[in-house]
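Input: a single structure, listed below in structure tokens.
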Amino acid sequence: MDVILTIGEFSKMTYLSVKALRHYHDVGLLTPVEIDPATGYRRYASSQVATAQAIRRFRELDMPIDDVRRVITAADVTERNRVIVEHLERMRQQLERTQMSVDSLQALLEGAPRQSPDIALRRIPETSVLSTVDVVEFDACSEWLERALSDLHVRLDDAGLTVGGPDGALYSDAFFETGAGDVTAFLPVVGGGGGVTELPALNVAVLVHDGPFSELDQTYGALGTAVAERGIGALGPIREHYLDATTTEVCWPVELGSA
């Protein structure tokens with residue numbers, strides 16, 4: 001037998017606060033069975049307790065509200081389980097990133113003796129590229145860059161051009177200093193043609209990063225420190241070359257004449 005409950009009674013049975021229940025109603029996740037037209041007071045059915053408890057558990061696992069809605073309104077078990085598995089996979093990936101961050105922080109706290117990085121000074125010649133540029137926020141850069149480079153490879157195939165080197169990107173000062181700025185994704189090509197532009201020649205100090213992206217800041221720190229200590233820094237964007245899935249060349253603009 002279904003029993004009608006006050007919002008306070010329902011709150012106690014589900015471990016969901018009255019504020020949370022009101023919010024879930026407002027976003028269409030858990031609708032009361034009765035709403036007093038005069039007072040707006042909400043009442044729930046005892047048959048909704050299990051659904052509310054499931055919602056609480058999913059939210060404790062940081063499942064987005066839209067995904068929770070997809071789970072509780074799924075037409076069949078297959079669809080419901082697919083949404084849950086997708087979220088669990090995102091959680092697994094987040095745990096891996098968290099573990100890498102913990103390991104990295106532990107290494108920093110242990111204060112291993114600082115060694116001079118193995119940097120190379122190089123002149124990068126003028127380079128023919130297909131490129132795209134946009135104002136990109138720091139936290140959104142990885143997704144933007146992956147999409148931009150994929151689009152450039154499609155353009156390359158459509159134009160019948162030949163790859164002339166590894167994918168790369170240029171990062172403006174504003175990107176680092178304000179959290180959003182110009183980022184240029186580029187793909188070196190052989191020859192010219194429609195849409196091909198030239199990146200100017202550049203003197204750089206290079207340090208190779210081999211490892212997860214979460215550790216890239218340490219390579220930046222080591223390379224920037226070496227450049228500053230030598231007093232050879234120059235104006236211009238930081239340049240990265242993506243040699244493979246885990247290996248990145250970080251190229252810091254320098255004045256070779258002052259080395």
Measure out, as a whole number of angstrom, how far apart the alpha-carbon centroids of segment 223-246 and segment 173-197 sit. 16
Please report how far the C-alpha centroid of segment 86-105 lies from that of segment 44-82, rounded to the nearest whole angstrom. 24
In order through segment 71-80: 3J(HN,Hα) via Karplus (6.51 cos²θ - 1.76 cosθ + 1.60), integer Hz, x for Gly, Pro: 5, 6, 10, 4, 6, 8, 5, 4, 5, 4
If R₀ is 41 angstrom, what is the calculated FRET efficiency for the pair Leu88 and Arg230, using the beta carbon separation as r and rounding to 0.05? 0.25
³J(HN,Hα), Karplus 6.51/-1.76/1.60, whole Hz, each residue of segment 15-32, x for Gly, Pro: 6, 10, 5, 4, 4, 5, 5, 5, 5, 5, 5, 4, 8, x, 8, 9, 9, x
Which residues' amide hydrogens lie under 5 Å from the amide hydrogen of Ile238, considering only partners 5 or more residues apart or on another chain, with H built in the peptide plane? Tyr171
Computed, not fitted: 222 nm per-residue ellipticity of the chain from DSSP H runs ≥ 4 (each -39500 (n - 2.57)), nearest 500, equal to -13500 deg cm²/dmol
Within the chain, longest stretch free of exposed GluC sites (Glu not before Pro) [DSSP loop, at most 14 other beta carbons within 10 Å]: 127-254
Could you tell me the calculated FRET efficiency between Ala140 and Val77, based on Cβ-Cβ distance and R0 = 35 angstrom, to the nearest 0.05? 0.50
Nearest 20 debye, what's the magnitude of the dipole of segment 4-73 about its Cα centre given +1 on Lys and Arg Cβ and -1 on Asp and Glu Cβ? 100
Loop sites only, by DSSP: take the chymotrypsin sites (Phe, Trp or Tyr not before Pro) in the chain that have at most 15 other C-beta atoms within 10 Å and name the longest stretch containing none of them. 42-259
Note on the chain: contact order normalised by length, alpha-carbon pairs under 8 Å, 6 or more apart, percent, works out to 16
J(HN,Hα) series, segment 48-60, from Karplus relation 6.51 cos²θ - 1.76 cosθ + 1.60, nearest Hz, glycine and proline x: 8, 4, 4, 5, 5, 5, 5, 4, 4, 5, 5, 5, 5
Sorted by Cβ density within 10 Å, fewest first, the residues Val206, Val250, Val133, Val3: Val3, Val133, Val206, Val250
I'd like the FRET efficiency for Val102 and Val3, computed as 1/(1 + (r/R0)^6) with the beta carbon distance as r and R0 of 51 Å, rounded to 0.05. 0.60
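No value in this document is a laboratory result; all are computed from the given coordinates. The structure displayed is predicted, hence computed values, not measured ones. Don't worry about glycine lacking a Cβ; one is built from the backbone with ideal geometry, like all the others, and counts go over all protein chains shown.
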